[in-house]
Amino acid sequence: MKLSRRNLFAAAGAGALVPSLAVSAQTTGSRGYRPVRTLNGWTLPYKLVNGVKEFHLVAEEFEHEFAPGSRAKVWGYNGSTPGPTIEVVEGDRVRLLVTNRLKEHTTMHWHGFILPSGMDGVGGLSQAHIEPGETFAYEFTIKQSGTHMYHPHADEMVQMALGMMGMFIMHPRGGDPVPVDRDYCFIMHNWALHPGTSRPDPMVMQDFDLWTFNSKVFPAIDPLVARSGERVRVRVGNLSMWNHPIHMHGVEYHVTGSDGGRWPRSQWRREVTELVGVGQARDLEFVAVPGDWALHCHMSHHTMNAMGHAIPNNLGVDQAGVAEEIRALLPGYSAMGQNGMAEHADHTAMGHMKGPPNTLPMMVGQGPFGNLEMGGMFTLIKVRDDIAPGDFRDPGWYRSPAGTVAKRISTDPDFGAPVRAPALAPADPSAPPTDHSKMHHSG
Ligand SMILES: [Cu+2]
């Protein structure tokens, strides 16, 4: 039973599902809505049972890959984290079966749903816990539309830290008043997968190692592909432990909705960065402009992969000589950070740096002009004139029209006559010396 289900998932799941949905996802068809495209993910099929849409989620542990080179034992649903996206239409009657294959109890909370109190999924408050091996049924009518999420409301700190969450999209009955051509969704999370380890640490509150869109880090996050002129919606949910300012290059997008539903047009806002707070969802919509455009969290540490944070600041420190001596004791040691961290990406790209096992380099990714020096919550919007409707395949790198790429015009640091702010006067030698013992630094 277990094997056959896993085999089925392997055949029809995350990886294999993508090409087969590549074209069918474009049409609204008999569903009456355009299905969302879950980055690196999938949508859970349902069974229609006497007019009720029945979905079956299974909470379980499995192995997950954040990007090639980093795997962990995580918890999720139906073999994936985030769990499969659930899509329904306003007015649908739904039955959501939740089977618990964990070794501790769980529940399911339908985040932001208008439903009877007893279906709200708070363990101990609205219902008895779902014990290991048990299956509970939640049943209610969908009374709203918008971008929503699901997650456990039992031992939340651990169960969410290990990846248990998913998106729940409610399409408006009768279609969108302003329909979109492509509808992407992802959920943001953070993981304390310490370098060299393979189980996320649920005790961490702030100092996370991996920052993910749909439990993937750059460069393993799918690009958002579109044809020039198409209307694109990106639905972003956040069940991590940080707020994420989601920044998009190339367009001023409209924020058109949230887990409070799609907003009246008079409330749409133009932004280039929208803060998606913990427990919130936001819908970002734009008309696609040709190019390769970055979409990322603007917290710069959130576009990095695993790194140690308790390291000294080497900026401006001359490490020549010292590195030689350390290398005699620690073969392969390389002194970094004297002139900035960009060289880290060079070392990584050249394969010099051997980090701990099962640990991604801090910054990775190569583009047509060099290292991207990114990781974590970063992906690309790839817009081309010649992409067929419903084609989601990566079109490769953008070829800019002649004369539209920034170019080198000098290699002389004294080039030109740039206006500068005046330099500071020398520090006053009679001022009392800095008391280093009061500095907040463990040195
Ligand atoms: Cu962030």
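Backbone amide hydrogens, once placed in the peptide plane, bring Thr359 within less than 5 Å of Gly196, excluding anything fewer than 5 places away on its chain. Note that the stretch 282-295 has calculated 3J(HN,Hα) couplings of 9, 9, 10, 10, 8, 9, 5, 10, x, x, 10, 10, 6, 10 Hz, one per residue in order, obtained from phi through the Karplus relation 6.51 cos²θ - 1.76 cosθ + 1.60 (θ = phi - 60°); glycine and proline are x. With both labels modelled 7 Å from their Cα along Cα-to-Cβ, the Ser228 to Lys407 distance reads 2.1 nm. When you filter the trypsin sites (Lys or Arg not before Pro) in the stretch 119-190 for DSSP loop state and at most 12 other Cβ atoms inside 10 Å of their Cβ, you are left with Lys143. If you bin all the Cα-Cα distances of the stretch 46-185 at 5 Å, starting from zero, the percentages per bin are 2, 10, 19, 22, 19, 14, 8, 5, 2, 0.
Summing charges over all other residues whose Cβ lies under 12 Å from the Cβ of His111, with Lys and Arg as +1 and Asp and Glu as -1, gives -3.
List the residues of the stretch 71-92 whose backbone N lies under 20 Å from a point placed 7 Å from the Cα of Glu63 along the Cα-to-Cβ direction. Those under the cut-off are 71-83.
By the count of neighbouring beta-carbon atoms within 10 Å, fewest first, Phe378, Phe415 end up ordered Phe415, Phe378.
Taken one residue at a time, the phi angles of the stretch 208-216 give Karplus couplings (6.51, -1.76, 1.60, θ = phi - 60°) of 8, 9, 10, 10, 10, 9, 6, 6, 10 Hz. Gly and Pro are set to x. In terms of the mean number of neighbouring beta-carbon atoms within 10 Å, the peptides 184-193, 55-64, 270-279, 144-153 order highest first as 184-193, 144-153, 55-64, 270-279. Over the C-alpha atoms of the stretch 140-238, the Rg to Rh ratio, Rh being the Kirkwood estimate, stands at 1.05. One chain, two ends: Arg199 and Val289. Fully extended at 0.36 nm per residue, the span grows by 28.3 nm beyond their Cα-Cα distance.
In this calculation the C-beta distance from Ala320 to Lys103 is compared with R0 = 56 Å, giving a FRET efficiency of 0.55. In terms of its C-alpha gyration tensor, the stretch 226-299 comes out oblate, because a/c is 1.5 or above while a/b does not outweigh b/c.
Across the stretch 166-183, rounded Karplus estimates of 3J(HN,Hα) from the backbone phi angles (6.51 cos²θ - 1.76 cosθ + 1.60, θ = phi - 60°) give x, 9, 9, 9, 10, 7, x, 5, x, x, 6, x, 10, x, 10, 8, 9, 9 Hz, Gly and Pro being marked x.
Simple spin-label estimate for Gln366 and Val49 gives 5.2 nm between the two label positions (7 Å along the Cα-to-Cβ direction from each Cα). Basic side chains Lys and Arg get +1 at the Cβ, acidic Asp and Glu get -1 at the Cβ, and with that the dipole of the stretch 195-277 about its Cα centre reaches some 480 debye.
For the peptides 381-394, 360-373, the ranking by packing is 360-373, 381-394, with the highest mean count of neighbouring Cβ atoms within 10 Å listed first.
Label sites at Tyr398 and Leu329, each approximated as a point 7 angstrom past Cα along Cα to Cβ, lie 4.9 nm apart. Taking amide H as placed 1.01 Å from N in the peptide plane, Ile381 has its amide H under 5 Å from the amide H of Leu224, Trp293, Ala294, Leu295, each at least 5 places away in sequence or on another chain.
For the stretch 79-217, the relative contact order is 27 percent, taking Cα pairs closer than 8 Å that sit 6 or more residues apart in sequence and dividing their mean separation by the residue count.
Bear in mind these aren't lab numbers, they're just calculated from the coordinates by the rules spelled out. This one's a predicted model, so the numbers in the text were calculated from it and none came from an experiment. Please note: Cβ atoms are built from the backbone with ideal geometry, for glycine as well, and neighbour counts cover all protein chains shown.
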